[in-house]
Amino acid sequence: MPLHRINVGLLAMTILLCAPVLGADYTIKIVSLANTNDEDYAGALAFKELVEERSEGEIEVVIFTGGQLCGSPIECLLALDGGVMEVFMSTLGGLANQFPEIQVLDLPYLLNDDETAERLFAGPFVDEIREAILKRTGLRLMTVGNTGGWRNIANTKREVRTPADLVGLKLRTINSPIQLILTQALGAAPTPVPWPELYIALATGTVDGSKNGLTDIVGMGFHEHIKYITMDGHAYMSALWLMNNSYYEALPPDLRTIVDEGFDALRDATMHLPKQRRAEAITEFESAGGAVYWPTDDEKEKFRQSALPVYDWYEAQYGDEWLIKIRDALRLIEEDNE
């Protein structure tokens with residue numbers, strides 16, 4: 001969608017929002033499509049607190065959630081590029097429209113645990129991604145956080161211990177090739193449903209389940225219908241925090257340093273909160289009559305083997321460059337742990 005087709009009301013609001021703020025030399029408008037109960041918002045608050053305090057009022061941070069400035073990832077990325085806002089949190093699926101290789105972060109069962117993911121996204125691998133995204137899109141990746149913990153397999157019908165138990169189930173996916181192929185490879189029928197329509201789709205049987213984090217399932221009330229979740233952790237729900245590069249480079253060096261530190265605080269907050277909320281979500285899910293299943297090592301291996309066609313698809317589409325890069329980064333993390 002071209003930037004000039006964003007509605008007139010949005011642009012009028014933008015003009016007002018871009019007006020100078022008394023007492024601040026710079027204003028950073030930070031946007032996510034989540035609500036104020038989400039870890040994205042908690043991360044934005046951490047960013048705001050640090051940046052405003054350390055800049056001593058030179059920078060004001062204004063947070064917008066839930067589609068206040070733009071309604072979809074594609075629209076938001078265009079608006080970010082056009083300077084409507086300074087920061088936007090994109091999921092992998094959103095940025096994949098411009099940089100499809102980023103889907104390497106969504107390959108199933110690639111990351112083993114929270115510690116591995118946290119070390120990966122605080123390390124030099126992110127510098128390589130940043131350089132590639134900037135070259136391809138003109139947008140600057142500031143950090144990679146988390147938005148919802150880990151994707152797991154949840155459904156309304158039965159306990160799932162291996163991929164064989166998924167046969168015949170309709171699982172909601174986003175309209176993304178990698179998610180469609182993964183769902184098919186695991187034996188289920190992929191059914192694209194927009195996020196706002198998922199509650200009704202579960203209630204009416206349009207879908208039998210979804211692949212989401214448990215905190216999101218409980219937070220959205222999906223556990224009123226979903227009664228089984230398998231904690232297979234097939235994907236870490238990465239959040240890509242992108243900034244308008246022209247705005248970033250126009251900041252004085254001392255303020256750029258503060259902004260960088262702010263994104264470190266944001267990343268840490270978004271990674272911590274899902275872990276903190278996971279135990280609470282499990283309790284609430286089980287209290288509502290839900291059953292949580294943790295696969296054995298052998299069962300987890302069956303899921304990994306079933307998911308291998310996704311890797312074949314990725315390499316056929318985009319080559320092995322980024323797969324080699326991320327595997328090398330993970331190997332170094334593993335060796336450091338030994």
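The values are calculated or read from the model by the stated rules, or taken from the named source; none is laboratory data. Everything numeric here is computed off the predicted structure, so don't read it as measured data. Here the Cβ is made from the backbone with ideal geometry for all residues, glycine too, and neighbour counts use every protein chain on show.
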**OP:** Give the residue, chosen from Gln179, Gln184, that is under 21 Å from the mean Cα position of the chain (by Cα) and in a helix (DSSP H, G or I).
**Re:** Gln179
**OP:** Hey, could you check segment 50-75 for residues that are free of Cβ contacts under 8 Å to residues at least 12 places away in the same chain and assigned to a helix (DSSP H, G or I) and say which is nearest to Glu86 (Cα to Cα)?
**Re:** Glu52
Original post:
Is it fair to say Arg161 is touching a residue at least 24 places away in the same chain (Cβ under 8 Å) and in the same structural domain as Ala307 (by TED's automatic domain parsing)?
Top reply: yes
Original post:
Is it the case that some residue within segment 51-62 is polar (S, T, N, Q) and crowded, with 17+ Cβ neighbours inside 10 Å?
Top reply: yes
Original post:
Just a yes or no: is a residue in segment 29-49 assigned by TED's automatic domain parsing to the domain that holds Thr91 and over 30 Å from Ala96 (Cα atoms)?
Top reply: yes
Original post:
For segment 252-275, how many residues are of a type in the set (Lys, Arg) and without any contact (Cβ under 8 Å) to a residue 60 or more places away in the chain?
Top reply: 1
Original post:
Quick check: is even one residue across segment 10-32 modelled with pLDDT under 95, buried (at least 17 other Cβ atoms within 10 Å of the Cβ), touching a strand residue (DSSP E or B) at 6+ places or on another chain (Cβ under 8 Å) and within 21 Å of Gly219 (Cβ to Cβ)?
Top reply: yes
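Matching residues to (1) among the aliphatic types (A, V, I, L, M); (2) touching an Asp or Glu at 6+ places or on another chain (Cβ under 8 Å):
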| residue | (1), (2) |
| --- | --- |
| Pro252 | no, no |
| Leu255 | yes, yes |
| Thr270 | no, yes |
| Ile282 | yes, no |
Original post:
Of the residues that make up segment 96-109, is at least one under 18 Å from Arg267 (Cβ atoms) and either under 15 Å from the mean Cα position of the chain (by Cα) or in the same structural domain as Thr257 (by TED's automatic domain parsing) (or both)?
Top reply: yes
Subject >> segment 102-118, residues that are in a helix (DSSP H, G or I) and buried (at least 19 other Cβ atoms within 10 Å of the Cβ) >> reply: Ile102, Gln103, Val104, Leu105, Asp106, Ala117, Glu118
Original post:
Looking at this structure, is Phe285 in contact with a strand residue (DSSP E or B) (Cβ under 8 Å, 6 or more places away or on another chain) and not assigned by TED's automatic domain parsing to the domain that holds Leu180?
Top reply: no
Original post:
Given the conditions (1) buried (at least 20 other Cβ atoms within 10 Å of the Cβ); (2) touching a Leu at 6+ places or on another chain (Cβ under 7 Å), and given that Gly82 satisfies all but one, which numbered condition is not satisfied?
Top reply: (1)
**OP:** Name the one entry in Asp208, Asp268 that is in contact with a helix residue (DSSP H, G or I) (Cβ under 9 Å, 6 or more places away or on another chain), among the charged types (D, E, K, R), modelled with pLDDT of 95 or more and surrounded by fewer than 19 Cβ atoms within 10 Å (Cβ to Cβ).
**Re:** Asp268
Subject >> Residues of segment 287-338 satisfying the condition of being under 25 Å from Ala122 (Cβ atoms) and assigned to a loop (DSSP other than H, G, I, E, B) >> reply: Asp320, Glu338
